[in-house]
(Lines give C-alpha, C1' and ligand atoms only; values in the text may rest on other atoms or scores of the structure.)
Protein backbone atom coordinates (compact mmCIF):
# COMPACT_ATOMS: atom_id res chain seq x y z
CA UNK A 1 0.00 0.00 0.00
CA UNK A 2 1.29 3.40 -0.87
CA UNK A 3 1.54 5.87 1.96
CA UNK A 4 1.00 9.06 -0.09
CA UNK A 5 -2.25 7.65 -1.42
CA UNK A 6 -3.44 6.78 2.08
CA UNK A 7 -2.57 10.24 3.33
CA UNK A 8 -4.29 11.80 0.35
CA UNK A 9 -7.52 9.88 1.00
CA UNK A 10 -7.46 10.69 4.72
CA UNK A 11 -6.84 14.37 4.01
CA UNK A 12 -9.61 14.49 1.40
CA UNK A 13 -11.98 12.80 3.86
CA UNK A 14 -11.07 15.35 6.52
CA UNK A 15 -11.80 18.19 4.12
CA UNK A 16 -15.11 16.68 3.04
CA UNK A 17 -16.11 16.00 6.65
CA UNK A 18 -15.26 19.58 7.59
CA UNK A 19 -17.21 20.94 4.66
CA UNK A 20 -20.23 18.83 5.52
CA UNK A 21 -19.92 19.85 9.16
CA UNK A 22 -20.23 23.49 8.15
CA UNK A 23 -23.43 22.51 6.38
CA UNK A 24 -24.68 20.76 9.51
CA UNK A 25 -24.11 23.89 11.55
CA UNK A 26 -25.84 26.01 8.93
CA UNK A 27 -28.74 23.57 8.76
CA UNK A 28 -28.29 22.76 5.10
CA UNK A 29 -28.59 19.58 3.11
CA UNK A 30 -25.79 18.01 1.10
CA UNK A 31 -25.19 19.70 -2.25
CA UNK A 32 -24.04 18.14 -5.49
CA UNK A 33 -20.53 19.61 -5.27
CA UNK A 34 -19.95 17.72 -2.05
CA UNK A 35 -20.99 14.54 -3.79
CA UNK A 36 -18.43 15.26 -6.50
CA UNK A 37 -15.90 15.52 -3.71
CA UNK A 38 -17.09 12.17 -2.40
CA UNK A 39 -16.77 10.77 -5.93
CA UNK A 40 -13.13 11.90 -6.07
CA UNK A 41 -12.44 10.09 -2.79
CA UNK A 42 -14.21 7.03 -4.09
CA UNK A 43 -12.04 7.13 -7.21
CA UNK A 44 -8.91 7.40 -5.06
CA UNK A 45 -9.98 4.34 -3.08
CA UNK A 46 -10.57 2.50 -6.35
CA UNK A 47 -7.03 3.44 -7.43
CA UNK A 48 -5.91 1.97 -4.13
CA UNK A 49 -7.73 -1.24 -4.94
CA UNK A 50 -5.90 -1.43 -8.27
CA UNK A 51 -2.57 -0.73 -6.60
CA UNK A 52 -3.25 -3.45 -4.04
CA UNK A 53 -4.24 -5.85 -6.79
CA UNK A 54 -1.04 -5.17 -8.70
CA UNK A 55 1.09 -5.43 -5.59
CA UNK A 56 -0.64 -8.68 -4.68
CA UNK A 57 -0.13 -10.09 -8.16
CA UNK A 58 3.55 -9.21 -8.15
CA UNK A 59 4.19 -10.89 -4.84
CA UNK A 60 4.08 -8.11 -2.24
CA UNK A 61 1.05 -9.51 -0.52
CA UNK A 62 -0.03 -8.27 2.90
CA UNK A 63 0.09 -10.66 5.81
CA UNK A 64 -3.69 -10.74 5.99
CA UNK A 65 -5.13 -10.22 2.51
CA UNK A 66 -8.68 -11.32 3.35
CA UNK A 67 -8.99 -8.79 6.12
CA UNK A 68 -7.46 -6.05 4.00
CA UNK A 69 -9.78 -6.67 1.07
CA UNK A 70 -12.71 -6.85 3.44
CA UNK A 71 -11.88 -3.39 4.66
CA UNK A 72 -11.38 -2.13 1.13
CA UNK A 73 -14.77 -3.40 -0.05
CA UNK A 74 -16.43 -1.94 3.05
CA UNK A 75 -14.75 1.38 2.39
CA UNK A 76 -16.03 1.42 -1.17
CA UNK A 77 -19.62 0.88 -0.05
CA UNK A 78 -19.86 3.75 2.43
CA UNK A 79 -19.71 6.91 0.32
CA UNK A 80 -22.21 5.72 -2.32
CA UNK A 81 -24.66 4.95 0.49
CA UNK A 82 -24.15 8.43 1.92
CA UNK A 83 -24.75 9.85 -1.57
CA UNK A 84 -28.02 7.94 -1.94
CA UNK A 85 -28.95 9.21 1.50
CA UNK A 86 -28.24 12.77 0.37
CA UNK A 87 -30.71 12.38 -2.48
CA UNK A 88 -33.37 10.77 -0.32
CA UNK A 89 -33.08 13.10 2.64
CA UNK A 90 -33.05 16.77 1.79
CA UNK A 91 -32.34 18.14 5.24
CA UNK A 92 -29.40 18.89 7.47
CA UNK A 93 -29.32 15.24 8.46
CA UNK A 94 -27.94 14.23 5.09
CA UNK A 95 -24.95 16.45 5.95
CA UNK A 96 -24.63 14.70 9.30
CA UNK A 97 -24.60 11.37 7.50
CA UNK A 98 -21.94 12.65 5.10
CA UNK A 99 -19.76 13.69 8.05
CA UNK A 100 -20.12 10.23 9.55
CA UNK A 101 -19.38 8.57 6.20
CA UNK A 102 -16.26 10.65 5.49
CA UNK A 103 -14.87 10.06 8.98
CA UNK A 104 -15.59 6.34 8.65
CA UNK A 105 -13.70 6.14 5.36
CA UNK A 106 -10.75 7.98 6.93
CA UNK A 107 -10.81 5.58 9.88
CA UNK A 108 -10.94 2.54 7.59
CA UNK A 109 -8.00 3.94 5.61
CA UNK A 110 -5.92 4.13 8.76
CA UNK A 111 -6.96 0.59 9.68
CA UNK A 112 -5.99 -0.65 6.22
CA UNK A 113 -2.62 0.98 6.57
CA UNK A 114 -2.15 -0.80 9.90
CA UNK A 115 -3.19 -4.13 8.43
CA UNK A 116 -0.87 -3.68 5.48
CA UNK A 117 2.05 -3.07 7.79
CA UNK A 118 1.11 -5.72 10.31
CA UNK B 1 -22.79 37.53 10.37
CA UNK B 2 -25.76 36.94 12.53
CA UNK B 3 -28.21 34.16 11.95
CA UNK B 4 -27.42 32.97 8.43
CA UNK B 5 -30.47 30.77 8.82
CA UNK B 6 -31.77 28.30 6.33
CA UNK B 7 -32.07 29.60 2.79
CA UNK B 8 -34.97 27.34 2.08
CA UNK B 9 -37.15 28.95 4.68
CA UNK B 10 -37.28 26.29 7.31
CA UNK B 11 -37.34 28.67 10.19
CA UNK B 12 -39.01 27.51 13.34
CA UNK B 13 -38.99 23.80 12.68
CA UNK B 14 -35.22 23.65 12.54
CA UNK B 15 -34.26 20.38 14.10
CA UNK B 16 -32.68 20.38 17.54
CA UNK B 17 -28.99 19.81 17.90
CA UNK B 18 -28.00 16.23 18.76
CA UNK B 19 -27.03 16.80 22.37
CA UNK B 20 -28.97 19.95 22.92
CA UNK B 21 -32.10 20.63 24.81
CA UNK B 22 -35.53 19.87 23.43
CA UNK B 23 -36.10 23.09 21.60
CA UNK B 24 -38.76 21.79 19.33
CA UNK B 25 -41.73 21.94 21.66
CA UNK B 26 -44.62 19.52 21.88
CA UNK B 27 -45.11 19.20 18.15
CA UNK B 28 -41.90 17.29 17.56
CA UNK B 29 -41.83 14.14 15.55
CA UNK B 30 -41.97 10.95 17.49
CA UNK B 31 -40.37 8.69 14.98
CA UNK B 32 -37.20 6.75 15.56
CA UNK B 33 -35.95 7.47 12.07
CA UNK B 34 -36.44 11.21 11.84
CA UNK B 35 -34.22 14.05 12.89
CA UNK B 36 -31.42 12.89 15.16
CA UNK B 37 -32.66 9.38 14.46
CA UNK B 38 -31.25 9.60 10.95
CA UNK B 39 -27.82 10.17 12.37
CA UNK B 40 -28.33 7.28 14.74
CA UNK B 41 -29.46 4.98 11.94
CA UNK B 42 -26.39 5.99 9.94
CA UNK B 43 -24.02 5.20 12.79
CA UNK B 44 -25.77 1.90 13.45
CA UNK B 45 -25.54 1.17 9.74
CA UNK B 46 -21.80 1.74 9.73
CA UNK B 47 -21.39 -0.58 12.69
CA UNK B 48 -23.66 -3.19 11.16
CA UNK B 49 -21.51 -3.13 8.04
CA UNK B 50 -18.20 -3.13 9.90
CA UNK B 51 -19.21 -5.81 12.38
CA UNK B 52 -20.68 -8.05 9.70
CA UNK B 53 -17.59 -7.80 7.52
CA UNK B 54 -15.33 -8.45 10.44
CA UNK B 55 -17.35 -11.33 11.83
CA UNK B 56 -17.63 -12.94 8.39
CA UNK B 57 -13.88 -12.93 7.98
CA UNK B 58 -13.29 -14.25 11.49
CA UNK B 59 -15.91 -16.97 11.40
CA UNK B 60 -15.26 -18.21 7.88
CA UNK B 61 -11.49 -18.15 7.99
CA UNK B 62 -10.17 -18.72 11.46
CA UNK B 63 -13.01 -20.01 13.57
CA UNK B 64 -10.72 -22.41 15.44
CA UNK B 65 -8.54 -19.70 16.90
CA UNK B 66 -11.17 -18.29 19.21
CA UNK B 67 -14.64 -19.76 18.80
CA UNK B 68 -16.14 -17.86 21.72
CA UNK B 69 -14.85 -14.49 20.64
CA UNK B 70 -15.87 -15.04 17.05
CA UNK B 71 -19.32 -16.29 17.98
CA UNK B 72 -19.77 -13.08 19.94
CA UNK B 73 -18.52 -11.12 16.95
CA UNK B 74 -21.21 -12.78 14.88
CA UNK B 75 -23.81 -12.02 17.53
CA UNK B 76 -22.72 -8.38 17.65
CA UNK B 77 -23.01 -8.15 13.88
CA UNK B 78 -26.54 -9.58 13.92
CA UNK B 79 -27.56 -7.25 16.72
CA UNK B 80 -26.28 -4.20 14.86
CA UNK B 81 -28.04 -5.21 11.65
CA UNK B 82 -31.32 -5.82 13.48
CA UNK B 83 -31.04 -2.55 15.39
CA UNK B 84 -30.31 -0.61 12.20
CA UNK B 85 -33.27 -2.05 10.33
CA UNK B 86 -35.63 -1.69 13.30
CA UNK B 87 -34.69 1.92 13.95
CA UNK B 88 -34.97 2.76 10.28
CA UNK B 89 -38.38 1.12 9.91
CA UNK B 90 -39.95 2.51 13.05
CA UNK B 91 -43.56 1.53 13.76
CA UNK B 92 -44.74 -0.57 16.67
CA UNK B 93 -42.92 -3.71 15.66
CA UNK B 94 -39.80 -1.84 14.68
CA UNK B 95 -39.75 -0.08 18.02
CA UNK B 96 -40.19 -3.30 19.98
CA UNK B 97 -37.45 -5.00 18.00
CA UNK B 98 -35.22 -1.96 18.41
CA UNK B 99 -35.68 -2.07 22.19
CA UNK B 100 -34.73 -5.73 22.22
CA UNK B 101 -31.72 -5.24 19.97
CA UNK B 102 -30.42 -2.23 21.86
CA UNK B 103 -30.97 -4.09 25.14
CA UNK B 104 -28.98 -7.08 23.94
CA UNK B 105 -26.33 -4.73 22.68
CA UNK B 106 -26.10 -2.98 26.04
CA UNK B 107 -25.81 -6.24 27.96
CA UNK B 108 -23.38 -7.57 25.36
CA UNK B 109 -20.95 -4.70 25.38
CA UNK B 110 -20.95 -4.49 29.18
CA UNK B 111 -20.56 -8.23 29.68
CA UNK B 112 -17.99 -8.82 26.97
CA UNK B 113 -16.17 -5.64 27.94
CA UNK B 114 -15.93 -6.70 31.56
CA UNK B 115 -14.98 -10.30 30.76
CA UNK B 116 -12.37 -9.32 28.21
CA UNK B 117 -10.64 -7.25 30.85
CA UNK B 118 -11.15 -9.68 33.72
CA UNK B 119 -10.25 -12.82 31.79
CA UNK B 120 -8.23 -11.97 28.67
CA UNK B 121 -7.53 -15.70 28.18
CA UNK B 122 -11.11 -16.27 27.11
CA UNK B 123 -10.81 -13.62 24.43
CA UNK B 124 -7.53 -14.19 22.65
CA UNK B 125 -8.90 -12.36 19.64
CA UNK B 126 -10.61 -9.04 19.64
CA UNK B 127 -14.31 -8.50 19.06
CA UNK B 128 -16.16 -5.27 18.54
CA UNK B 129 -17.14 -5.35 22.19
CA UNK B 130 -13.74 -6.23 23.70
CA UNK B 131 -12.49 -3.75 26.25
CA UNK B 132 -15.82 -1.94 26.03
CA UNK B 133 -15.21 -1.26 22.37
CA UNK B 134 -11.94 0.58 22.82
CA UNK B 135 -10.80 -0.55 19.38
CA UNK B 136 -13.57 1.59 17.96
CA UNK B 137 -13.14 4.68 20.07
CA UNK B 138 -15.62 3.39 22.66
CA UNK B 139 -18.43 4.09 20.24
CA UNK B 140 -19.82 0.55 20.79
CA UNK B 141 -20.13 1.41 24.49
CA UNK B 142 -21.90 4.71 23.91
CA UNK B 143 -24.17 3.53 21.12
CA UNK B 144 -26.63 1.43 23.17
CA UNK B 145 -27.01 4.21 25.73
CA UNK B 146 -27.76 6.67 22.98
CA UNK B 147 -30.14 4.12 21.47
CA UNK B 148 -32.02 3.67 24.74
CA UNK B 149 -32.18 7.42 25.23
CA UNK B 150 -33.49 7.93 21.72
CA UNK B 151 -36.10 5.16 21.93
CA UNK B 152 -37.24 6.55 25.26
CA UNK B 153 -37.38 10.06 23.95
CA UNK B 154 -39.37 9.13 20.87
CA UNK B 155 -41.67 6.75 22.70
CA UNK B 156 -45.24 6.96 21.55
CA UNK B 157 -47.63 8.66 23.89
CA UNK B 158 -51.37 8.30 23.82
CA UNK B 159 -52.68 11.22 21.86
CA UNK B 160 -54.94 12.85 24.40
CA UNK B 161 -54.34 13.50 28.06
CA UNK B 162 -51.64 11.10 29.01
CA UNK B 163 -51.17 10.64 32.73
CA UNK B 164 -47.45 10.59 32.22
CA UNK B 165 -46.47 14.14 32.92
CA UNK B 166 -43.91 14.87 30.31
CA UNK B 167 -43.42 18.49 29.67
CA UNK B 168 -41.27 18.88 26.60
CA UNK B 169 -41.26 22.66 26.86
CA UNK B 170 -39.42 23.10 30.11
CA UNK B 171 -36.62 21.37 31.97
CA UNK B 172 -34.04 21.83 29.27
CA UNK B 173 -31.09 20.10 30.76
CA UNK B 174 -31.89 18.51 34.05
CA UNK B 175 -30.81 15.01 33.22
CA UNK B 176 -28.38 14.15 35.98
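Looking at B:54, B:38, B:61, can you tell me which residue is within 13 Å of residue A:97 (Cβ to Cβ), facing chain A (nearest Cβ under 10 Å) and not in a loop (DSSP other than H, G, I, E, B)? Don't jump to the end; show me each part of the working.
Working: B:54 fails: within 13 Å of residue A:97 (Cβ to Cβ); B:61 fails: within 13 Å of residue A:97 (Cβ to Cβ).
Checking each option against the conditions leaves just B:38.
From B:10, B:32, which residue is under 12 Å from the mean Cα position of the chain (by Cα), assigned to a loop (DSSP other than H, G, I, E, B) and at pLDDT below 90? Give the steps one after another, and end with the answer.
Numbers: B:10 fails: under 12 Å from the mean Cα position of the chain (by Cα).
Of B:10, B:32, the one residue that is under 12 Å from the mean Cα position of the chain (by Cα), assigned to a loop (DSSP other than H, G, I, E, B) and at pLDDT below 90 is B:32.
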**Message:** Looking at the stretch B:137-149, can you tell me whether even one residue there is at pLDDT 85 or above and part of a loop (DSSP other than H, G, I, E, B)?
**Reply:** yes
**Message:** Condition first: at pLDDT below 95, within 13 Å of residue B:133 (Cα to Cα) and assigned to a helix (DSSP H, G or I). Can you find one or more residues in the stretch B:77-99 that meet it?
**Reply:** no
**Asked** Right, residue B:44: crowded, with 16+ Cβ neighbours inside 10 Å, under 25 Å from residue A:81 (Cβ atoms) and at pLDDT 85 or above or not?
**Response** yes
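Suppose we keep only residues that are within 14 Å of chain A (Cβ to nearest Cβ) and free of Cβ contacts under 8 Å to residues at least 60 places away in the same chain within the stretch B:64-80. Which one would you say is nearest to residue B:150 (Cα to Cα)? First the steps, then the outcome.
Quick first cut of the stretch B:64-80, residues within 14 Å of chain A (Cβ to nearest Cβ) only: B:65, B:70, B:73, B:77, B:80.
Those left that are additionally free of Cβ contacts under 8 Å to residues at least 60 places away in the same chain: B:70, B:73, B:77, B:80.
On the way: B:70: 29, B:73: 25, B:77: 21, B:80: 16 Å.
The extreme case among them is B:80.
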**Request:** Could you look through the stretch A:54-98, keep only residues that are assigned to a loop (DSSP other than H, G, I, E, B) and more than 11 Å from every other protein chain (Cβ to nearest Cβ), and pick out the one that is surrounded by the fewest Cβ atoms within 10 Å (Cβ to Cβ)?
**Result:** A:59
**Out of A:7, A:52, A:98, A:32, sole residue that is at pLDDT 90 or above and touching a helix residue (DSSP H, G or I) at 6+ places or on another chain (Cβ under 8 Å)** = A:98
**Members of the stretch A:27-51 found to be within 14 Å of another protein chain (Cβ to nearest Cβ) and either in contact with a strand residue (DSSP E or B) (Cβ under 8 Å, 6 or more places away or on another chain) or in contact (Cβ under 8 Å) with a residue 12 or more places away in the chain (or both), listed by number** = A:27, A:28, A:29, A:30
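The values are calculated or read from the model by the stated rules, or taken from the named source; none is laboratory data. This one's a predicted model, so the numbers in the text were calculated from it and none came from an experiment. Virtual Cβ from ideal backbone geometry, glycine too; neighbours counted across all protein chains shown.
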